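The structure appears below as structure tokens.
The values are calculated or read from the model by the stated rules, or taken from the named source; none is laboratory data. Bear in mind the structure is a predicted one, so any value in this text is a computation, not a measurement. In this analysis, Cβ positions are derived from the backbone assuming ideal geometry, glycine residues included, and neighbour counts consider all displayed protein chains. Accessible surface is based on the protein model in full, side chains and every heavy atom, while ligands, DNA and RNA are left aside. Shrake-Rupley method; radii C 1.70, N 1.55, O 1.52, S 1.80 Å.
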Amino acid sequence: MRGSKLIGWIALVLALGFGFYGTAFWLLRDRGPPLSAFEMAAAQLREAFEPGDLILLVPAYATRAREYLGDLNPVAARRPLAEDLRRHPRFWIFGLFERGDALRPDLLAAGHELLESRTHSGITVDLYRSAAVERVVFDFASSIKAARVFHQYADGRLEACDKYSDRTRQGGMAGMWTCPHDGEWFYVAPEWHRMGDVFRVCLWAHPPTDGRLLIRYPGVPLPARLRGFAGHTLNGSLYGRERIDLDVEVDRVGVQRFVFPLEEHWRPFALELPGTGTTTVSFAISTPDAGSNHFCFTADLRAPGAE
């Protein structure tokens with residue numbers, strides 16, 4: 001009997017201890033910088049921001065800065081060094097909880113040059129010059145209006161997805177091509193999607209049940225290096241059942257297939273485009289099972305050096 005009471009008292013003491021600990025942790029936790037610090041840091045960043053700059057928010061879960069910098073498309077990345085820094089002559093690190101300071105040695109070791117650093121009540125804003133810069137000569141997402149979109153059936157028959165709208169389903173004025181059937185998901189448009197842990201702007205390109213979705217761009221300049229990123233959206237990786245096959249077809253060059261398993265959220269792909277003048281570049285998206293297989297990609301053509 002005494003043993004039972006003793007166990008009961010121990011359980012009560014432990015419960016109270018955990019309760020006090022939880023309450024103290026909640027009340028004394030680091031709430032982060034005050035709103036005034038966000039306002040000041042964001043305002044000073046805006047003053048120095050230049051077209052082509054990239055803003056990285058670290059750590060990835062600390063995204064309040066989107067309220068002040070959302071129109072500049074900041075990226076909350078778990079692995080900032082894995083981001084596509086080559087296409088940006090400069091990039092910003094908007095860091096909370098000393099994460100900007102912690103990243104600095106790795107960024108400098110990668111050859112990036114720290115241009116300036118400012119601190120605002122716990123927020124560190126660092127500006128870097130990229131180590132290697134590639135000049136974008138053609139961007140496929142921003143050129144969506146110039147594309148021609150088709151549903152290519154398995155028997156080779158082409159059906160034009162020729163209903164165009166400047167406004168996307170998310171309300172943006174980025175352009176959208178919709179196919180004649182299943183238009184609620186069978187369309188192509190630059191949209192925001194959660195690619196793994198990160199919200200990104202990319203070309204929504206859901207594969208059809210039969211055949212391929214074909215996005216064709218005529219008049220693409222040569223020579224250049226095609227760089228892109230692609231993968232399943234977070235929703236697609238959870239509810240999809242099969243891989244995505246992305247075929248990049250280039251007139252006079254050939255076809256290169258890139259395969260994206262379900263676990264791939266945002267993987268790079270690249271292709272050299274030799275020659276002179278212009279060519280037609282097509283992206284063909286297909287899958288063995290289209291059910292809930294949400295896919296998004298971005299691609300552009302680059303030449304060495306900044307503009």
Criterion violated by Thr280 - all others in (1) closer than 25 Å to Arg86 by Cα; (2) among the hydroxyl-bearing types (Ser, Thr, Tyr); (3) open to solvent by 50 Å² or more (accessible area, probe 1.4 Å) satisfied: (3)
Residues satisfying the stated conditions in segment 169-192, i.e. modelled with pLDDT under 95, in contact with a strand residue (DSSP E or B) (Cβ under 6 Å, 6 or more places away or on another chain) and of a type outside the set (Gly, Ala, Ser): Gln170, Trp192
Within segment 154-179, considering residues that are under 18 Å from Arg200 (Cβ atoms) and of a type in the set (A, V, I, L, M, F, W, C), the one surrounded by the most Cβ atoms within 10 Å (Cβ to Cβ): Met176
Selection within segment 63-83 - farther than 15 Å from Gly196 by Cβ and either not in a loop (DSSP other than H, G, I, E, B) or not polar (S, T, N, Q) (or both): Arg64, Ala65, Arg66, Glu67, Tyr68, Leu69, Gly70, Asp71, Leu72, Pro74, Leu81
Unique residue being under 16 Å from Phe138 (Cβ atoms), open to solvent by less than 30 Å² (accessible area, probe 1.4 Å) and touching a residue at least 60 places away in the same chain (Cβ under 8 Å) when the list is Gly219, Gly228, Gly211, Gly196: Gly228
Among residues of segment 118-140, those that are assigned to a loop (DSSP other than H, G, I, E, B) and farther than 29 Å from Ala41 by Cβ, counted: 1
Subset tally (residues that are of a type in the set (Phe, Trp, Tyr) and closer than 9 Å to Thr168 by Cβ) for segment 185-199: 1
Residue match in segment 119-133 (condition: open to solvent by 40 Å² or more (accessible area, probe 1.4 Å), of a type outside the set (Val, Ile, Thr) and in contact with a Lys or Arg (Cβ under 8 Å, 6 or more places away or on another chain)): yes
Search result, residues across segment 41-62 that are part of a helix (DSSP H, G or I) and surrounded by 15 or more Cβ atoms within 10 Å (Cβ to Cβ): Ala41, Ala42, Leu45
Filter result for the condition that a residue is assigned to a helix (DSSP H, G or I), open to solvent by less than 50 Å² (accessible area, probe 1.4 Å) and modelled with pLDDT of 95 or more, over Phe38, Phe94: Phe38
Any hit, segment 231-251, residues being more than 24 Å from Asp162 (Cα to Cα), among the hydrophobic types (A, V, I, L, M, F, W, C), in contact with a Phe, Trp or Tyr (Cβ under 9 Å, 6 or more places away or on another chain) and in contact (Cβ under 8 Å) with a residue 24 or more places away in the chain: no
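Could you look through segment 231-249, keep only residues that are aliphatic (A, V, I, L, M) and assigned to a strand (DSSP E or B), and pick out the one that is surrounded by the fewest Cβ atoms within 10 Å (Cβ to Cβ)?
If we take residues in segment 231-249 being aliphatic (A, V, I, L, M) and assigned to a strand (DSSP E or B), then Val248 is surrounded by the fewest Cβ atoms within 10 Å (Cβ to Cβ).
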Residue match in segment 157-165 (condition: assigned to a helix (DSSP H, G or I) and not hydrophobic (A, V, I, L, M, F, W, C)): no
Residue within segment 255-275 that is open to solvent by less than 30 Å² (accessible area, probe 1.4 Å), in contact (Cβ under 8 Å) with a residue 60 or more places away in the chain and of a type outside the set (Gly, Ala, Ser) present: no
Pairs, first within 26 Å of Gly156 (Cβ to Cβ) and open to solvent by less than 10 Å² (accessible area, probe 1.4 Å) in segment 283-307, second among the small types (Gly, Ala, Ser) and not in a strand (DSSP E or B), C-beta under 8 Å, six or more apart: Asn293/Gly236; Asn293/Gly240; Phe295/Gly236; Ala299/Ala141
Residue, nearest to the chain's Cα centre (by Cα), within segment 194-217, restricted to residues that are modelled with pLDDT under 95 and in a strand (DSSP E or B): Arg200
